[in-house]
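Asks: Could you have a look at this structure, given as structure tokens, before my questions?
Read-outs throughout are calculated quantities, based only on the coordinates presented, and are distinct from any laboratory measurement. All values derive from a computational prediction rather than experimental measurement. No Cβ is skipped: glycine too gets one built from the backbone with ideal geometry, and neighbour counts run over all protein chains shown.
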Amino acid sequence: MTVRESDEQVRGTADAVARRSYGKLVAFLSARTRDVAAAEDALSEAFATALAVWPLQGCPSNPEAWLLTVARRKLIDLARRQHSGEMAAAQLQLLAEGEEWAAEADIPDHRLALMFACAHPAIEKSIHAPLILQVVLGLDAKAIASAFLTSPAAMGKRLVRAKEKIRQAGIPFSVPEREELAERLDTVLEAIYAAFAEGWTDPDGSDAARRDLTEEVMFLARLVSGLLPEEPEALGLLALMLHAEARRDARRTASGEYVPLAEQDPSSWNGAMIVEAEALLQRASALRCIGRYQIEAALQSAHVYRRRSGHANWAEVMQLYDALFALTGSPVVVINRALVIAELHGASAALESMQEVVADARLAEYQPYWAARAELLAKAGAHSEAREAYEIAIGLERDPAVRRFLQRQRSRLG
């Protein structure tokens, strides 16, 4: 250690360690006790101790190992206070088994196992994404609540209940066996994508909570694809997210107005992200196990190709939507496919194709359905019905810039 380092240097080191290794340390400690909340508390106390000790003694050569040692000792003290007899002996034995790693440079990485625990079927589905964001990335309940449009108190309570469920139900911290992996991995990927979608609702980056959320979720997607490099859907999800993120800046004019994909300037897209996404898709394709996220990423790739080349590849896009619908049966796919049908066969044929989902009650509050319906009705010349659909779409839209865009579209109907 170097002696008497400044508070600023120490905090910088602590912040870097938290960003790089928080989830790794929580996962390692939780895997031994199955008590996520206790592991988080112990690690939080370890960071607090570091901020007090490191300015005097200097930062250790292996900060992660130092923090792990301190947190493990705090968990041992907690086990001795709270338990007695065989239960205490069992927990102390598990924690003692982690002592050898505290002196090692390479602490075992259990983050993927922790994500599978957070997205376990026994835990309420809607809390999977927030739980992963907190225990793997260390985001606090206030930041997560802001991103998911709920109160910090309510989010905090739900997170506490989920962690208690992990402890009481003895949910295992392990990567599922091959026969279970696909289904369980899909749950983890779905949680990551749900979190990404929340960040995506702030396309101009003016909401700090959502901007930070997008960065954190991209880190998570990279982490999963790095830990599971032979899982094509993990690669596909990262490719999908990169394609979407590559166009973020192009979705707004300098004055903040919404720009739909058909009107965006392809030269303003992030070329490096698109190149990376295409390489990931190639890797996923070589593994010959097609899935939802790969198809969705391929659709984004097809849109990029059409806009950059000027080649109308709607028939190929239609084939991808057909494949996606066969896989998911989602009404959202029917809506997007209808817009492609309009390009190939006209608005009337597109409206006819949407009849199969009109009765789906979920679409009553789904803004993209009404926006797509309004666009197709306008193209078909049914202006009165189009105005009504636009009114509903405008009322359901949260983004002011998109609302203004829809209002302009409606005003053109006369």
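Asks: I need the calculated FRET efficiency for the pair residue 174 and residue 349, taking r as the beta carbon distance and R₀ as 56 Å, to the nearest 0.05. Working shown, then result.
Replies: Numbers: r = 50 Å, r/R0 = 0.90.
It comes out at approximately 0.65.
Asks: Net charge near residue 265, counting Lys/Arg +1 and Asp/Glu -1 over other residues with Cβ under 15 Å of its Cβ?
Replies: Details: positive: 247, 248, 251, 252, 306, 307, 308; negative: 249, 257, 263.
In short, +4.
Asks: Can you compute the modelled spin-label distance between residue 183 and residue 140, with each label point 7 Å from Cα toward Cβ, in nm?
Replies: 4.0
Asks: Give me the one-decimal nm value for the distance between modelled label points at residue 318 and residue 388, 7 Å along each residue's Cα-to-Cβ direction.
Replies: Each label point is offset 7 Å from its Cα along the Cβ direction, giving 2.9 nm.
Asks: Order of 253, 49 from fewest to most other C-beta atoms within 10 Å?
Replies: On the way: 253 12, 49 16.
With the fewest neighbours first, 253, 49 line up as 253, 49.
Asks: On to the next question. What is the extension gain from residue 20 to residue 52, computed as 0.36 nm multiplied by their sequence separation minus the C-alpha to C-alpha distance, in nm to one decimal? Before the final figure, lay out each step's value.
Replies: On the way: separation 32, 0.36 × 32 = 11.52 nm, distance 2.07 nm.
Gain on extension, residue 20 to residue 52, equals 9.5 nm.
Asks: 222 nm [θ] for the chain, helices only, -39500 (n - 2.57) per DSSP H run of 4+, per residue, to 500? Write out the running numbers ahead of the final one.
Replies: Working: 20 runs with 297 residues, N = 414.
When only DSSP H runs of four or more count, the value is -23500 deg cm²/dmol.
Asks: List residues of segment 14-36, by number, whose backbone nitrogen lies under 14 Å from a label position 7 Å along Cα→C-beta of residue 167.
Replies: Only 30-36 pass the distance filter.
Asks: Of 299, 156, 133, which is farthest towards the positive pole of the chain's charge dipole, taken about the Cα centre with +1 and -1 on the beta-carbons of Lys, Arg and Asp, Glu respectively?
Replies: Projecting each Cα onto the dipole axis, the largest value belongs to 156.
Asks: While we're here: Work out from phi, with θ = phi - 60° and the Karplus expression 6.51 cos²θ - 1.76 cosθ + 1.60, the ³J(HN,Hα) of each residue of segment 113-122, listed in order in whole Hz, and give x for Gly and Pro.
Replies: Each residue of segment 113-122 in turn: 4, 5, 5, 5, 5, 5, 9, 5, x, 6 Hz.
Asks: Next question, about the same structure. Could you state, as a whole-number percent, how many of the C-alpha pairs of segment 312-414 are farther apart than 15 Å?
Replies: Working: 3254 of 5253 pairs.
In whole percent, the long-distance tail amounts to 62.
Asks: Further, regarding this structure: Which one of 346, 406, 377 has its Cα pushed farthest toward the positive end of the charge dipole of segment 312-414, where Lys and Arg give +1 and Asp and Glu give -1 at the Cβ?
Replies: So the residue we want is 406.
Asks: Let me ask something else. Compute a Gaussian network model of the chain, connecting alpha carbons closer than 10 Å, and tell me which residue from 157, 74, 142 fluctuates the most.
Replies: Looking only at 157, 74, 142, the biggest GNM fluctuation is shown by 157.
Asks: List the residues of segment 289-316 whose backbone N lies under 19 Å from a point placed 7 Å from the Cα of residue 283 along the Cα-to-Cβ direction.
Replies: Answer for segment 289-316: 289-301.
Asks: Can I ask one more? Which of 364, 119, 39 moves the most in a Gaussian network model of the chain with Cα springs under 10 Å?
Replies: Looking only at 364, 119, 39, the biggest GNM fluctuation is shown by 364.
Asks: Between residue 80 and residue 305, with labels modelled 7 Å along Cα→Cβ, what's the label distance in nm to one decimal, could you check?
Replies: Result: 6.5 nm between the two label points.
Asks: A follow-up question, please. Can you tally the lysine pairs in the chain where the Cα-Cα distance is under 27 Å and the two residues are eight or more apart, or on different chains?
Replies: The number of close lysine pairs in the chain is 18.
Asks: Something else now. Identify, among 255, 110, 47, the residue whose Cα sits farthest towards the positive end of the charge dipole of the chain, taking +1 on the Cβ of Lys and Arg and -1 on the Cβ of Asp and Glu, with the dipole about the Cα centre.
Replies: The residue sitting farthest along the positive end of the dipole is 255.
Asks: On to the next question. Evaluate the relative contact order of the chain (contact order divided by residue number), counting alpha-carbon pairs under 8 angstrom at least 6 apart; express in whole percent.
Replies: Working: 516 pairs, mean separation 42.1, N = 414.
After rounding, I find 10 percent.
Asks: Using unit Cβ charges (K, R positive; D, E negative) and no other charged atoms, how large, in debye to the nearest 20, is the dipole of segment 312-414 about its Cα centre? Mind dumping the intermediate values first?
Replies: Working: 11 positive and 13 negative charges, 96 e Å.
In total the dipole reaches around 460 debye.
Asks: Is there a quick way to get the dipole size of the chain? I mean about its Cα centre, with the Cβ of Lys and Arg at +1 and of Asp and Glu at -1; what is the value in debye to the nearest 20? Display every interim value, and only then the final one.
Replies: Working: 47 positive and 57 negative charges, 138 e Å.
It comes to approximately 660 debye.
Asks: Continuing with this model, one more query. For the chain, with a Gaussian network of springs between Cα atoms less than 10 Å apart, report the residue from 48, 347, 197 with the top mean-square fluctuation.
Replies: Between 48, 347, 197, it is 48 that shows the largest mean-square fluctuation.
Asks: Calculate, in nm to one decimal, what residue 197 and residue 268 gain on full extension: separation in residues at 0.36 nm each, minus their alpha carbon distance.
Replies: Values: separation 71, 0.36 × 71 = 25.56 nm, distance 2.16 nm.
Taking 0.36 nm per residue and subtracting the Cα distance, the gain is 23.4 nm.
Asks: Here's something else I'd like to know. Stretched out fully, how many nm does the piece from residue 61 to residue 330 gain, at 0.36 nm a residue minus the Cα gap? Mind showing how you got there, number by number?
Replies: Details: separation 269, 0.36 × 269 = 96.84 nm, distance 5.21 nm.
Gain on stretching residue 61 to residue 330: 91.6 nm.
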